[in-house]
Structure formats: C-alpha cells, structure tokens
1. For the range 88-96, indicate whether the set of residues that are in a helix (DSSP H, G or I) and either at pLDDT 95 or above or under 14 Å from the mean Cα position of the chain (by Cα) (or both) is non-empty.
2. Can you tell me how many residues within the range 56-76 are part of a loop (DSSP other than H, G, I, E, B) and under 22 Å from Y87 (Cβ atoms)?
3. Within the range 1-23, is even one residue at pLDDT 95 or above and either of a type in the set (S, T, N, Q) or more than 19 Å from Q94 (Cβ to Cβ) (or both)?
4. Quick check on the range 40-97: of everything there that is surrounded by 14 or more Cβ atoms within 10 Å (Cβ to Cβ) and of a type in the set (D, E, K, R), which residue is farthest from R20 (Cα to Cα)?
Amino acid sequence: MGEYSSRKGINSRLPPEVNRILYVRNLPFKITSEELYEIFGKYGAIYQIRLGDRKDTRGTAFVVYEDIYDAKAAVDHLSGFNVGGRYLVLLYYQPAKFEKREQTEQKQKELEELRKSVKKKKAELGIE
C-alpha cells in the first residue's frame, strides 16, 4: 500500500463537484502569480495558475493542481483565508456553469447591438 492508496482510502468518495481546477475570487488586484504559488503550493503540486489580467477578470484566478485530493485540501483550508484584507472565495471549476454564463453574456451583447441598430434605423427614418 503506497501513500496514494492509503490517502485515497481516507476519503475515497469525493463529492461530485470536486475538481482539480479551482476558481478563486476576491483576490487583491495587485497579487502576483508567485504569491499565489506560495499560498496554494502549501497544499500540493500545482500544474498551473492563470491569474485574471483583464478588467473583467481582475481579482480572479484559476489554480490547477496535479492531484484532486490536494485541490480539495486547498478548498477546505483556504476558503475565507485573508489575503491582503480580502477573504478568498474558492470554487471548484464547473465548465458547464462557466460556459452557460459566457453564452448569456454573449447573448446580452448581441441584444444590445441589435437595440442600437434598431434605434439608429428609427432615427434615420424619423420614427420615435
């Protein structure tokens, strides 16, 4: 019995939402990837960290662990952890939810463009 099998035996049934990809919110805007590796690396080997760098993604990051059990340990220990006066919000990445939100945002943009074009056309025709 290696370390992995004994650890797996402790909690072999993980909740279905557990994922090795974590979505982290409420980060200080000035946090660096190195600081994130330092915080999250305490719970296991990290495959990748993607820090939000656009206006709409600042304060967020994706943290990808090599092992699902390390990701669970990070969520268990770091949810609500104070970093720079902000309390971290950790969620397991759920592709379906993120995809649905992106689709909704895209539809809203398309609707807004349509409204603008209708308003412009009405103005051209002198219709109120």
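The values are calculated or read from the model by the stated rules, or taken from the named source; none is laboratory data. On a predicted model such as this, the values are computed, not experimentally measured, just so you know. Here the Cβ positions follow ideal geometry from the backbone for every residue, glycine too, while neighbour counts run over all protein chains shown.
1. Yes, the range 88-96 contains at least one residue that is in a helix (DSSP H, G or I) and either at pLDDT 95 or above or under 14 Å from the mean Cα position of the chain (by Cα) (or both).
2. So in the range 56-76, the residues part of a loop (DSSP other than H, G, I, E, B) come out as 56-60, 66-67.
Adding the requirement that they be under 22 Å from Y87 (Cβ atoms) leaves 56-60.
Looking only at that region, the number is 5.
3. No: the range 1-23 contains no residue that is at pLDDT 95 or above and either of a type in the set (S, T, N, Q) or more than 19 Å from Q94 (Cβ to Cβ) (or both).
4. R86
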